[in-house]
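Structure first, then comments.
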Amino acid sequence: MTAFATGDAAVTPLARRRLDRDDVLMRLGICLLIAWLCIAMALPLWALLSKSFQNQNGEFIGLANYIRYFSTPALFISVWNSVMIAVVSTAFVLPLAFVYAYALTRSCMRWKGLFQALALIPILAPSLLPAISLIYLFGNQGFLKELLFGGQIYGAGGIILAQVFYCFPHALIILVAALSMADARLYEAASALGASKMRVFFTVTLPGAKYGVISAGFVIFTLVITDFGIAKVIGGRFNVLATDIYKQVIGQQNFEMGAVVGFILLIPAVIAFTADRIIQRRQVALLSARAVPLEPKPVPRRDWAMFAFCAAVGGLIFGILAVSAWASVITRWPYNLTLTLNNYAFGDFDTDGWGAYWNSLSLAIWTAVLGTGIVFVGAYLLEKTRGFALGRALAQLLAIMPMAVPGLVLGLAYIFFFNAPWNPLGFIYGTLAIMVVNSMTHFYTVCHLTAATALKQMDPEFEAVSASLKVSLLRTLVRVTVPVCLPSILDISIYLFVNAMTTVSAVIFLYSTNTKLAAVTIVNMDESGFTAAAAAMAMTIVFTSTAVKIAHVLLTRRLERTTQAWRRR
């Protein structure tokens, strides 16, 4: 009886000694996690901040670089441009995504699965793809350029349109989650009181989803203000902070001013992240134990209106993708529209040819494999370690911070830290390894929160029973925890794979001649005028991400019938 008790007082002395050894190992693991996050994020950001206060000789000059930046109108105007683009893009995306999410969760329209799949397509594509498609549609030789009435797609308008396509699915995911939670009793009470549909929407529906709306707004704002690819391809002479960093570092080799711009770009991202976290803490539970799940009832006029809206938005999203797919198989736009696969002969347009694609595939695989392991073990250590409050709090803070750091800023910080002469880790600079570390760090927070959520659903008694049975925590982790959390582990791996495959901002400063990536090659091809080949490379990334996502869905369904059978009654 004593051997199976779950309380610490009932554990045998041998089991208590085993617990002590496990506790030491767990605390040591947390210390290693802190060291990893410091090397991968905190120290590079410190190197970036330090560089902004130095001159070209590495001497401390105080705020001189910042004074020069803010006293140069051509540079300072980028701050206003970036904020304006982010605000306008958010104003467009939020209502579109909200109505779309409302249609998916609160209506009885047909083909919801198809419309949800269409809306998530942009996640599988690099951010440069919508910019390339818009150039084919509205560029100087675009077949719809007359619709602009003499205007130009290159500039603020083009950036905003491309950002709406790119950010839409990120907002939709959050809003679908927010609108999925509703108590039917509130709507029944409103109906009994004779409230109109409009009044119910503004007094019940919108307040219930307000935290999701606010969170989606901050996510869109951060994505837009930190994105590099879209502004680089279709921005023209319209300068934003992200392209300013690229020009200062790559174009002028002015690393000190690049550090200044990088730190300025970090500020709005951190403000948006902090405000989002504060608002989320004020959120209260929308569903109680007595809540009645809301099931939408058929309303023909509303359902057909929602169907028409989703068909229009989903059709536009698919159209943007179709334009890039079509552009990748035509001979020469607009003079020769004969179909061809010559644009996929990347060796004719870039010295690396298909090598850049294979580098991206290697980066994505290594990021998914190593990142999933580090993230899940790190989350396990933080959730299951007893005591050691200071170490766990520090590790938790470091695990959350990457979400507030733009990829472009993190990549620039890696230059200053890993390329420093005094750094013994400098041997990884210019290799695929540094981009793997950068990608794992850049996308760490979302994966950590996913793993932590899955682990919180497991009762701590699993570890207590294992200790009483003299089973090590490592064996419990492998035999119990991992199988139970396997769906979440697969979600983390696919998230890391797709993002590593499509990212350009985080790695634009870190590749070498031997490690050029597919997303970077798209930028180079576009700069060289090989837009069709750039579209072909973008579609190659889309095909790869889609194939991996389909395999993930099939594998998840299989696991639900095997390792997750215990979830069903």
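The values are calculated or read from the model by the stated rules, or taken from the named source; none is laboratory data. Note that this is a predicted model, so its numbers are computed, not measured. All Cβ positions, glycine included, derive from the backbone under ideal geometry; neighbour counts span all protein chains shown.
Applying the condition of being among the β-branched types (Val, Ile, Thr) and over 17 Å from Gly139 (Cα atoms) to region 314-329 and asking which residue is surrounded by the fewest Cβ atoms within 10 Å (Cβ to Cβ) yields Val329. Being of a type outside the set (A, V, I, L, M, F, W, C), in contact with a helix residue (DSSP H, G or I) (Cβ under 8 Å, 6 or more places away or on another chain), assigned to a helix (DSSP H, G or I) and surrounded by fewer than 24 Cβ atoms within 10 Å (Cβ to Cβ) is the filter here; which residues of region 349-380 pass it? The answer is Tyr357, Asn359, Ser362, Thr372, Tyr380. Could you check region 381-406 and list, in sequence order, the residues that are among the polar types (S, T, N, Q) and not in a helix (DSSP H, G or I)? The one that is among the polar types (S, T, N, Q) and not in a helix (DSSP H, G or I): Thr385.
Assess whether Val520 counts as being in the same structural domain as His448 (by TED's automatic domain parsing) and in a helix (DSSP H, G or I). First the steps, then the outcome.
Working: in the same structural domain as His448 (by TED's automatic domain parsing): yes; in a helix (DSSP H, G or I): yes.
Yes: the conditions hold for Val520.
The numbered conditions (1) surrounded by 16 or more Cβ atoms within 10 Å (Cβ to Cβ); (2) at pLDDT 90 or above; (3) closer than 14 Å to Val240 by Cα; (4) of a type in the set (A, V, I, L, M) are all true for Met84 except (1).
So that you can scan it fast, the table gives a plain yes or no per residue for (1) at pLDDT 90 or above; (2) under 30 Å from Ala534 (Cα atoms); (3) touching a helix residue (DSSP H, G or I) at 6+ places or on another chain (Cβ under 9 Å):
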residue	(1), (2), (3)
Ala285	no, no, no
Pro296	no, no, yes
Ala305	yes, no, yes
Ala312	yes, yes, no
Ala322	yes, yes, yes
Trp333	no, yes, yes
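Given the structure, is Val240 modelled with pLDDT of 85 or more and over 21 Å from Ile174 (Cβ atoms)? So Val240 passes the test.
Comparison of Asn359, Asn343, Asn336 shows that the only residue that is in contact (Cβ under 8 Å) with a residue 40 or more places away in the chain and over 30 Å from Leu37 (Cβ atoms) is Asn343.
The rows are residues; the columns are (1) outside any helix (DSSP H, G or I); (2) modelled with pLDDT of 75 or more.
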{"position": "Ala3", "(1), (2)": "no, no"}
{"position": "Arg17", "(1), (2)": "no, no"}
{"position": "Asp20", "(1), (2)": "no, no"}
{"position": "Ile34", "(1), (2)": "no, yes"}
{"position": "Pro44", "(1), (2)": "no, yes"}
{"position": "Gln56", "(1), (2)": "yes, yes"}
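Of Gly251, Gly229, all but one fail to be of a type in the set (Gly, Ala, Ser) and within 19 Å of the chain's Cα centre (by Cα); the exception is Gly229.
Table: residues versus (1) free of Cβ contacts under 8 Å to residues at least 40 places away in the same chain; (2) surrounded by fewer than 16 Cβ atoms within 10 Å (Cβ to Cβ); (3) part of a helix (DSSP H, G or I).
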| residue | (1), (2), (3) |
| --- | --- |
| Ala91 | yes, yes, yes |
| Ala97 | no, no, yes |
| Tyr102 | no, no, yes |
| Met109 | no, no, no |
| Phe115 | no, no, yes |
| Ile132 | no, no, yes |
| Leu147 | yes, yes, yes |
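Can Leu37 be described as under 27 Å from Ile214 (Cβ atoms), under 20 Å from the mean Cα position of the chain (by Cα) and not assigned by TED's automatic domain parsing to the domain that holds Gly155? So Leu37 does not fit the description; no.
Do you know which of the residues in region 490-510 that are part of a helix (DSSP H, G or I) and of a type in the set (Phe, Trp, Tyr) is surrounded by the fewest Cβ atoms within 10 Å (Cβ to Cβ)?
Tyr495
As a summary of the residue check, Pro487 satisfies the conditions (1) at pLDDT 90 or above; (2) part of a helix (DSSP H, G or I); (3) surrounded by fewer than 22 Cβ atoms within 10 Å (Cβ to Cβ) except for the one numbered (1). Screening Leu394 on (1) farther than 19 Å from Thr515 by Cα; (2) buried (at least 19 other Cβ atoms within 10 Å of the Cβ); (3) of a type in the set (A, V, I, L, M, F, W, C); (4) at pLDDT 90 or above shows it passes everything except condition (2).
Residues in region 103-161 that are among the aromatic types (Phe, Trp, Tyr) and either in the same structural domain as Val507 (by TED's automatic domain parsing) or over 30 Å from Phe307 (Cβ atoms) (or both): 2 in all.
Here Pro126 clears all of (1) under 20 Å from the mean Cα position of the chain (by Cα); (2) under 30 Å from Lys297 (Cα atoms); (3) part of a loop (DSSP other than H, G, I, E, B) except the condition numbered (2). Take the conditions (1) buried (at least 21 other Cβ atoms within 10 Å of the Cβ); (2) modelled with pLDDT under 85; (3) not charged (D, E, K, R); Ala74 misses just one of them, which is (1). Taking region 48-60 as the range and being out of contact with any Leu (no Cβ under 7 Å at 6 or more places or on another chain) and surrounded by 14 or more Cβ atoms within 10 Å (Cβ to Cβ) as the test, the residues that pass are Leu49, Ser50, Lys51, Ser52, Phe53, Gln54.
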